[in-house]
Amino acid sequence: MLAAIAGILVCLGFLAAAAAGDLGRDALITLVVFVAAIWMWVFAPVPDTYVALGAAVALVVTGPIDTETFTGTLGDSVIWLLVGSFVIAAAVTATGLPARIAARVLTIARTPRQLIHLLTAVLLVTTFAIPATSGRAALALPVFLALAAVLRHRPQLVLAFAVGIPSVILFSAVGSLLGAGAHLITSEIVATATGEGYHFGQWLILGLPLAVVWSHLAAEVALALFADRTERRTPLTVPATAFAETASADVRGPLSASQRRVLGVLGAVVVLWCTEGLHGVDPAVVAVLGALLATAPKIGATTLPAAAKTVPWTLLLFMAATLCLGIALTTTGASAWLAGLVFDPVRSLGTAAGAVFLVLTVVVSLLAHLMIQSRSARSAVLVPIIVATAPAVGVDAAAAAFLSTAAAGFCHTMTSSAKPMAVFAASDTVPGYRPEHLLRYSAVLAPLSVALLLAFAVWGWPQLGLSPTP
């Protein structure tokens, strides 16, 4: 009840502020729908996709966006890019290739530190094979259960892996444009506002170094917090036979023919995505071609109907709807007005405004998971405001949007903050972590993450072609 009253008061506040200022009808309607959507994402026991679709339809009915924009987002190239990528991912998973690679790599480890960092490296690679953190979590769970069985007499290590694995999955996602739907939403919003979004190769160059450092940092913090010095120094051995059931094949033999073919298709697709500037073929077309090859008779590892069943259509609908909301915020001027309302005090700081804005962008984006559980929804809410504000304080809009989206990948404070965290929580079948473990981990990792993100924004990314100053 109190939450409902608060939402109504915020909407009334917007109406009053808009009436006193220069805000058009479409922008005003967009703001009201925007606030209502945020309130429902936070408080209402309604699926996020239902809320997003409702908000998009409301914008069409009331006029801020037209029917063509609404229907066009579902046919947007980013949607087809994801469809093709999910089909390829289904073929890769069907071969048992990820589990076999994990088994081969992890058996090299002789210490807990080697094991957790080798596993981190494997999970980083899966960023380019599975275009969703929830899908990667589902893929990693059997590997974790196999490790937990081997290490059942070492509960400290099991706990460290239970916390570390989903954290690495979430942080490594920033390495790829397809690592999370939020990345594609951000790219589309930036393209709407500035005329150019991010291409796959550009995101890879900017995101992969951060993904590597952030993921290994998360793994090291998990090991240091939950395993004492004696446990960390005690040797271990992981037998290949522990992964036999997970890999559904002999993990010690050569790759099968289907595994080699699918690995070749995946490699070719990633290379074509990274070299778009040379051949000019849209990444969505490359993804669909790869999907056709990965499911082709006598070539692929699965069938197209079977692979299509694994595509998270609800996620695609959610992305299309939030794209509508982001487009409306940008094109009606609502995001610019809201940005002025929120960040005007920052503008008055003169030469320090840009630095303060970057810090606020990281902190707000990182903490947003406490209110809005969906990573894509967080980007749909924050990025239009950040893109509208950045030029006014002397910060490049594309750099600020990338920074915000990267920071929004921190989802570690609560089990409900992200699906991978929920997958590895303790249950009757999963020897995972408890909420108090996650709070302790987040308290240490959050400030380290803020420092790391700001370091990349100020020193790292400018060396890679994305400077916070235009």
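The values are calculated or read from the model by the stated rules, or taken from the named source; none is laboratory data. These numbers were taken from a predicted model, which means no experiment stands behind them. FYI the Cβ positions are ideal-geometry reconstructions off the backbone, even for glycines, and counts take in every protein chain you see. Side chains are part of the model used for accessible areas, which takes the heavy atoms of the whole protein and leaves out ligands, DNA and RNA. Shrake-Rupley method; radii C 1.70, N 1.55, O 1.52, S 1.80 Å.
The set of residues in segment 252-281 that are open to solvent by 60 Å² or more (accessible area, probe 1.4 Å) and of a type in the set (A, V, I, L, M, F, W, C) comprises 263, 271, 272, 278. If you go through segment 372-413 and pick out every residue that is outside any loop (DSSP other than H, G, I, E, B), buried (at least 24 other Cβ atoms within 10 Å of the Cβ) and not hydrophobic (A, V, I, L, M, F, W, C), you end up with 8. Test residue 305 against the criterion of being of a type outside the set (A, V, I, L, M, F, W, C), within 25 Å of residue 181 (Cβ to Cβ) and within 22 Å of the chain's Cα centre (by Cα), and give yes or no. When the stated conditions are applied, residue 305 does not pass them.
The condition of being at pLDDT 85 or above and either in a helix (DSSP H, G or I) or closer than 27 Å to residue 409 by Cα (or both) holds for only one of 116, 101, that being 116. Among all residues of segment 51-65, there is none that is open to solvent by less than 70 Å² (accessible area, probe 1.4 Å), of a type outside the set (A, V, I, L, M, F, W, C) and modelled with pLDDT under 80.
Report yes if residue 71 is out of contact with any Phe, Trp or Tyr (no Cβ under 6 Å at 6 or more places or on another chain), within 28 Å of residue 24 (Cβ to Cβ), among the polar types (S, T, N, Q) and assigned to a helix (DSSP H, G or I), otherwise no. Break it down into steps so the answer makes sense when it comes.
Values: out of contact with any Phe, Trp or Tyr (no Cβ under 6 Å at 6 or more places or on another chain): yes; within 28 Å of residue 24 (Cβ to Cβ): yes; among the polar types (S, T, N, Q): yes; assigned to a helix (DSSP H, G or I): yes.
Considered against the rule, which asks whether it is out of contact with any Phe, Trp or Tyr (no Cβ under 6 Å at 6 or more places or on another chain), within 28 Å of residue 24 (Cβ to Cβ), among the polar types (S, T, N, Q) and assigned to a helix (DSSP H, G or I), residue 71 comes out as yes.
Determine which member of the set 334, 339 is open to solvent by less than 50 Å² (accessible area, probe 1.4 Å), farther than 21 Å from residue 40 by Cβ and touching a helix residue (DSSP H, G or I) at 6+ places or on another chain (Cβ under 8 Å). Show your work before the answer.
Numbers: 334 fails: farther than 21 Å from residue 40 by Cβ.
Being open to solvent by less than 50 Å² (accessible area, probe 1.4 Å), farther than 21 Å from residue 40 by Cβ and touching a helix residue (DSSP H, G or I) at 6+ places or on another chain (Cβ under 8 Å) holds for just one of 334, 339, which is 339.
Residue 179 falls short of the stated requirement of being at pLDDT below 85 and in a loop (DSSP other than H, G, I, E, B).
One line per residue, one yes/no per condition, for (1) buried (at least 20 other Cβ atoms within 10 Å of the Cβ); (2) under 20 Å from the mean Cα position of the chain (by Cα); (3) not in a loop (DSSP other than H, G, I, E, B):
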| residue | (1), (2), (3) |
| --- | --- |
| 108 | no, no, no |
| 139 | yes, yes, yes |
| 146 | yes, no, yes |
| 172 | yes, yes, yes |
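Of 457, 443, all but one fail to be open to solvent by 10 Å² or more (accessible area, probe 1.4 Å), part of a helix (DSSP H, G or I) and of a type outside the set (Ser, Thr, Tyr); the exception is 443. Taking the criterion of being open to solvent by less than 40 Å² (accessible area, probe 1.4 Å) and of a type in the set (Val, Ile, Thr), the residues of segment 66-97 that qualify are 73, 78, 79, 83, 87, 88, 92, 95. Just one of the listed residues (355, 307) is modelled with pLDDT of 85 or more and open to solvent by less than 30 Å² (accessible area, probe 1.4 Å), and it is 307.
Scanning segment 414-438 for residues that are assigned to a helix (DSSP H, G or I) and of a type outside the set (Ser, Thr, Tyr) gives 419, 420, 421, 422, 423, 435, 436, 437, 438.
Which one is surrounded by the fewest Cβ atoms within 10 Å (Cβ to Cβ), of the residues in segment 282-304 that are β-branched (Val, Ile, Thr) and either under 16 Å from residue 264 (Cβ atoms) or in contact with a Cys (Cβ under 7 Å, 6 or more places away or on another chain) (or both)?
Only one residue fits best here, namely 299.
Residue 347 meets each of the listed conditions (1) open to solvent by 10 Å² or more (accessible area, probe 1.4 Å); (2) closer than 21 Å to residue 172 by Cβ; (3) of a type in the set (Lys, Arg) apart from (2).
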